[in-house]
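Working notes, structure below.
The values are calculated or read from the model by the stated rules, or taken from the named source; none is laboratory data. Remember, it's a predicted structure, so these values are computed and weren't measured experimentally. Here the Cβ is made from the backbone with ideal geometry for all residues, glycine too, and neighbour counts use every protein chain on show.
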């Protein structure tokens, strides 16, 4: 046997309200163990799975206990016992182990051990027993012989007993009847037949005397003899027939087996009969036949009557003796009958007692365990799974209790696993609910931000549209300014000689340049507005990029759009800076032109020279107008691009808002599902709570 070390002899407390469950294959290798078993054993799951179950065996456990365990479970029966197990650190813990075979398709595929907390008295009893077994090296005693007899064998024994009693009673009854019949035959042959034969002989002998007397009435001396209607020979013939019958009756009288006294009395009677016949009846019959009525009369009076009297007395003695002997035999037969009757009654009573005792034992062996099984079924139906079921029986009801105990332990394991799963589901549902609440809250915040960004993008789109319109107006004004400068140049070239008209033209040009200066100032204001919008667009693009990064995979497309918006804003800012520079230069030029016009107006005398200078200034103005027109067209194109990009951003923001709304709806649905899951877990715990899995 494997000796596991070290051993500290420190006891670990059994975890309250838990079961230690492990499963092994047919060779004892661990294939499954629950968390409570892993925690108390001190081993990791990887250290236990695949290892032989003796990894937790304590050296104090006697080999006989495990031999008894394996002998029992290999027979397909469950085993229960108090076991001392060793943990990895050398400490020990006591368990109330219940080991059952695992069956699949009628074949044992492995074993499952379910351990609960034993009482302290059970631990003390187990310690004392294991110390005794370790000291004596003895095996655990097997159950008694009677407990190993099956109900089938007991039924057969009771049936054999009843059949034996019936056969014995039948033999006793038939024997009694036979004995009584033999006694009746003996009584008939020894008493009744001789008595009947004797009575008939006496009757025939008496009839012989009567026939002699009747024959004497035929004497001629009798005056009434003529009155007879028959001859005297009829009476003689009657005595002869009586003699034949008497001889037959004599054989019947002497045929029976009698005692010596009876035989002596019969012999005396027969001797008297012979004398009566030979000395009286026969001579008298011959005398009558010869017609010697006087001789016959003399024989009647001197021989027949005295001999008949002696014969009758001896016959009476024989009858009295036979009657007395028959009475004694009857009394003996009556005694024998009473004895046989009493024996029969005693046999019947004994048979009934034996049948009742055997039936009682059989009823107790069948009804008692069945009633206990019904009680256990009722308790299981009530949800109580902590009752200890007796599995020590070896008969059919014992197998029933073993199957019931195995079913109970399987139910306990299943319900305990369901309870643990429900607790895990409850914890996971709570965590999922918290996460979903956070997701919903963040989605709503993100949706608010996206909606704000979409609104800002819409405003940006409108602002860009306005900028584009203003830039178009500026471009038109620049075109008109260019046309006016061209016309002024032509006018100056054609009417340089008309100084009066030069002054008017100069004044008109001065006014036009003032209008141009105002338009240029308006362009500067518009470019500042575009710059501010570009900065705001850049800020919004950055915020949108941040929100897209938070949205993860769903915000990737939005991040690309935000980046394009940011680039467009940067280009817009650069263009507006260029426009501002050009406008500043243009304002300086127009300011100089105005001063030149005023100087030309004042110095008319220098008109031609000044007009030439004005022509040169107008050329510069035309060139600047060309540049302003180009810049305005560039800004208009950029504004249109920014407008289109802003529209795309707005569309994408609406799409992102829709996705966030869907995400919020999905998160809300997931939260509701988590709430339903929590409710289902609570209901499952309530159902499991209806079963009592641990002793209270």
Inset, instruction - For the range 321-334, state whether one or more residues are in contact (Cβ under 8 Å) with a residue 24 or more places away in the chain, touching a helix residue (DSSP H, G or I) at 6+ places or on another chain (Cβ under 7 Å) and closer than 30 Å to residue 168 by Cβ. - result: yes
Inset, instruction - Could you pull out every one of the helices (runs of 4 or more DSSP H) wholly within the range 214-301 that has 3 or more residues that are modelled with pLDDT under 85? - result: 233-255, 260-275
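Yes/no matrix, rows are residues, columns are (1) in contact with a strand residue (DSSP E or B) (Cβ under 9 Å, 6 or more places away or on another chain); (2) within 28 Å of residue 414 (Cα to Cα):
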residue: 3; (1), (2): yes, no
residue: 10; (1), (2): yes, no
residue: 14; (1), (2): yes, yes
residue: 28; (1), (2): yes, yes
residue: 56; (1), (2): yes, yes
residue: 67; (1), (2): no, no
residue: 74; (1), (2): yes, yes
Inset, instruction - Can you work out which of the residues in the range 36-52 that are without any contact (Cβ under 8 Å) to a residue 40 or more places away in the chain, in a helix (DSSP H, G or I) and in contact with a strand residue (DSSP E or B) (Cβ under 8 Å, 6 or more places away or on another chain) is farthest from residue 133 (Cα to Cα)? - result: 45
Inset, instruction - Could you tell me which numbered condition residue 317 fails, if it satisfies all but one of (1) surrounded by 15 or more Cβ atoms within 10 Å (Cβ to Cβ); (2) in contact with a helix residue (DSSP H, G or I) (Cβ under 7 Å, 6 or more places away or on another chain)? - result: (1)
Legend entry - Residue count, the range 3-29 (criterion: loosely packed, with under 14 Cβ neighbours inside 10 Å and over 22 Å from residue 98 (Cα atoms)): 6
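Listed here are the residues, each with its yes/no results for (1) part of a helix (DSSP H, G or I); (2) modelled with pLDDT of 80 or more; (3) surrounded by 16 or more Cβ atoms within 10 Å (Cβ to Cβ).
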residue	(1), (2), (3)
326	yes, no, yes
345	yes, yes, no
358	yes, no, yes
368	yes, no, no
373	yes, no, yes
379	yes, yes, yes
386	no, no, no
398	yes, no, yes
406	yes, no, yes
Inset, instruction - Please verify whether the range 185-198 includes one or more residues that are out of contact with any strand residue (DSSP E or B) (no Cβ under 9 Å at 6 or more places or on another chain), modelled with pLDDT of 85 or more and either more than 20 Å from residue 328 (Cα to Cα) or surrounded by fewer than 20 Cβ atoms within 10 Å (Cβ to Cβ) (or both). - result: no
